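Each remark here refers to the structure printed beneath this line.
Quick note: the coordinates plus some simple rules give every number you see, no bench work behind them. As the structure is a computational prediction, the values presented were derived from the model and not from experiment. Heads up, the Cβs are rebuilt from the backbone with ideal geometry, glycines too, and the neighbour counts pull from every protein chain shown.
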Amino acid sequence: MSNMIRHAAAERCELMVAPAGERLVVRVDDDGRGIPAGGRAGSGIAGMRERVESVGGRLTVAERLGGGTRVLAELPLEAPG
């Protein structure tokens, strides 16, 4: 969310957290500038991905239809191992 505030110039942000089977889904949508086409992940996104993957999760970051960005993290409800 700090990336959204610092870089996206978003006016709105929506946070959704919900269980989905054996996973927890965390979704953050904003209406900001979005991710530039062909742009690479900055250190903030890379750090989020590293933390999510370290617990067996998956992170996707994509431009939203109509503008803005969606960050979606799917995390296991139980620790791996």
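Once the other residues with Cβ under 10 Å from the Cβ of G67 are scored (Lys, Arg +1; Asp, Glu -1), what is the net sum?
Summing Lys and Arg as +1 and Asp and Glu as -1 gives -1.
State the extension gain, in nm to one decimal, for the chain segment bounded by A46 and A20, taking 0.36 nm per residue of separation less the distance between their alpha-carbons.
Working it through step by step, the gained length comes to 6.9 nm.
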